[in-house]
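The values are calculated or read from the model by the stated rules, or taken from the named source; none is laboratory data. Note that the structure is predicted; figures quoted are calculated from it, not measured. Cβ sites come from the backbone with ideal geometry, for glycine too, and all protein chains shown count toward neighbours. For the accessible areas, the whole protein counts, side chains as well, though only heavy atoms, and no ligand, DNA or RNA atoms are used. Shrake-Rupley method; radii C 1.70, N 1.55, O 1.52, S 1.80 Å.
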Amino acid sequence: MSAWLNIVGIGAGGPQDLPGPARALIANAELLVGGERHLSMGDNDTARKLAWKFPLDGIVNEIRAARDQCVVVLATGDPMSFGIGSTLARHFAPGDMTIIPAPGAFSLAAARMAWPLHACTCLTLHGRPLELLNYHVLPDRRMLILSHDGTTPGKVAETLCRAGFGPSLMTVFENMGAANASVRTGTAESWDAADIENLNTIAVECQAGPAARFYTPVAGLPDDAFLHDGQLTKRIVRAATMSALAPLPGQHLWDLGAGCGSVAIEWLRATQDVQGQGARASAVERMPSRSTRMAQNACRLGVPLLNIVTAEIASALPDLDDPDAVFLGGGASGDGLVETIWERLRTGGRLVANVVTLEGERTLLESHAKLGGELTRISVSHAEPVGALTGWRPAMPVTQWSVVKS
C-alpha cells in the first residue's frame, strides 16, 4: 500500500507559502489533523478536522483507523525536528508516510545569526522542564531554543543569571517567516522584554560572568555540586563507579539507596541529549528528606526527569521497569536483595555495589563466589594539615563489586 499519511510542515507564513504539491495535499485531504491555529489556515472546507488532544494515544488511533483515506497532518516547520513527525514515526512505518518539511526554526535562526547549525546546541523547552537548560549552560556555547510560549525568554534569562551567565547575549525571533516577524536582543542580566509572541525562538551566546557556576559533563562532579547530609558517594569513588556502570543512551539505571542521588544524576548527565531523554534512571531512597535534596540536585544539574521513588528498596522494585544497570550504594547486606536484582537485571546488564562495612563485604564476597565479576578495594587519602605540616588522612576504604550478566 502506498503512503497514506502525509505530514506537511508549515512555516509562519501559512499554507500559501508552501510548494504546489503540499498545497494540493491539504486541499484534497479527507482528514486534516493539527493544532487549532494550523487547522484554521487550511484551504479545505470538506475535510474532517481533528485537533490535537493530549495524551495523543486517542488521536493516533483515529489516524490509524483512517488509513483508507487521504490523511494530512499539519506541523510546524520541520516535522522531524522536535515535531509531531518524530512521534508519529514511532507508530507508523516509513512506507506509510510522506513527510514534507518546511524550513525549521533552528535553520531559520541559525541563518539569521550566521551560526553554523552543526556547531549549535539545539534544544526545546516546549512542554519540557525549564531545568533541562541547566545542563547545557557552558562558557562560549551557542544555543538555539524552541520556546514554550512568550514567557520562556524571560525564564531563560533568569536561569542564565542564576548560573552566573548574566552577560550572555540573547536574541529572540518572533514569528519567523511571517509578515509580522520581529527580533529583540539584549543580555540576560538586562532582559526586560515583555509581550513576546508565543511563537518565538531564542538564540543564546553563553558568556560566563565572574561568579559563573558550571560543571563538566564528565563523571566525577565535585562533592559540593550536590546538596547532601553526608550520604554521598564521594567524587573519586563515584568516577570509578560510573566507569563500571558504563552508561549508554536509552538504558535504565536503578540507583538503590540513592542518598542525594549523585550516581543517578551522573548517569543521566553522561547520556543527556537535547531533549533530556538520553538514558533513564530510577533512584530509590527511603528517607523523604534525602529524596527532597535529590530532586533539588536533579533540577540544579539539569536532569529533572530523574524518577525518584521514596520507599524501602524491597517494596519499590516490583513497580520499576527492569534495569540495564544497577548501583547498590546502601543496604547491600539485605537478605536476598542481590538475588532479586540479578533476576531482574537484563542480559548484558551491569551490577555495581559499594560497601564500607564488614557485613557488606561478606555479602559481596558471597555474591562474587556465586556470580563472578570483579572485586576492587578503593582507598583514597587526602592531604590535610598536621600542625604546621601536612600529612595524609585516609578515608574509609570502599570495596566495590562489579559484574556483567552474560
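What to note about this one:
- Extreme residue, most open to solvent (accessible area, probe 1.4 Å), among residues of the stretch 113-145 that are without any contact (Cβ under 8 Å) to a residue 12 or more places away in the chain and not in a helix (DSSP H, G or I): ALA114
- Only one entry in VAL338, VAL403 is part of a strand (DSSP E or B), among the β-branched types (Val, Ile, Thr), buried (at least 18 other Cβ atoms within 10 Å of the Cβ) and in contact with a helix residue (DSSP H, G or I) (Cβ under 6 Å, 6 or more places away or on another chain), namely VAL403.
- Enumeration of residues in the stretch 1-16 that are open to solvent by 20 Å² or more (accessible area, probe 1.4 Å), aliphatic (A, V, I, L, M) and more than 23 Å from ALA105 (Cβ to Cβ): MET1, ALA3
- The single residue among LEU117, LEU146 that is within 18 Å of the chain's Cα centre (by Cα) and not β-branched (Val, Ile, Thr) turns out to be LEU146.
- Positions within the stretch 362-385 being within 21 Å of LEU245 (Cβ to Cβ), open to solvent by 60 Å² or more (accessible area, probe 1.4 Å) and part of a strand (DSSP E or B), in sequence order: GLU374, LEU375, ARG377
- Test: residue in the stretch 306-316 that is part of a loop (DSSP other than H, G, I, E, B), farther than 30 Å from LEU132 by Cβ and at pLDDT below 95: yes
- Of the helices (runs of 4 or more DSSP H) that lie entirely inside the stretch 233-304, those containing 3 or more residues that are over 20 Å from the mean Cα position of the chain (by Cα) span 235-245, 288-300.
- The lone exception for ILE99 - which of (1) assigned to a strand (DSSP E or B); (2) more than 27 Å from the chain's Cα centre (by Cα); (3) not acidic (Asp, Glu) it fails: (2)
- Of all residue pairs spaced 6 or more apart or on separate chains, those with beta-carbon atoms under 6 Å, a first member in the stretch 343-368 that is closer than 20 Å to VAL263 by Cα and a second member that is open to solvent by less than 70 Å² (accessible area, probe 1.4 Å) and aromatic (Phe, Trp, Tyr) are VAL352/PHE327; ALA353/TRP401; LEU364/TRP401.
- In summary, ALA388 fulfils each of the numbered conditions (1) surrounded by 18 or more Cβ atoms within 10 Å (Cβ to Cβ); (2) over 23 Å from GLY261 (Cα atoms) with the single exception of condition (1).
- Extreme residue, surrounded by the fewest Cβ atoms within 10 Å (Cβ to Cβ), among residues of the stretch 20-45 that are in contact (Cβ under 8 Å) with a residue 12 or more places away in the chain and part of a loop (DSSP other than H, G, I, E, B): ASP43
- Residue in the stretch 189-197 that is in contact with a strand residue (DSSP E or B) (Cβ under 6 Å, 6 or more places away or on another chain), modelled with pLDDT under 95 and open to solvent by less than 40 Å² (accessible area, probe 1.4 Å) present: yes
- Residues (assigned to a helix (DSSP H, G or I) and modelled with pLDDT of 95 or more) located in the stretch 343-361: GLU343, ARG344
- Among (1) open to solvent by 30 Å² or more (accessible area, probe 1.4 Å); (2) at pLDDT 95 or above - the single one GLY164 does not satisfy: (1)
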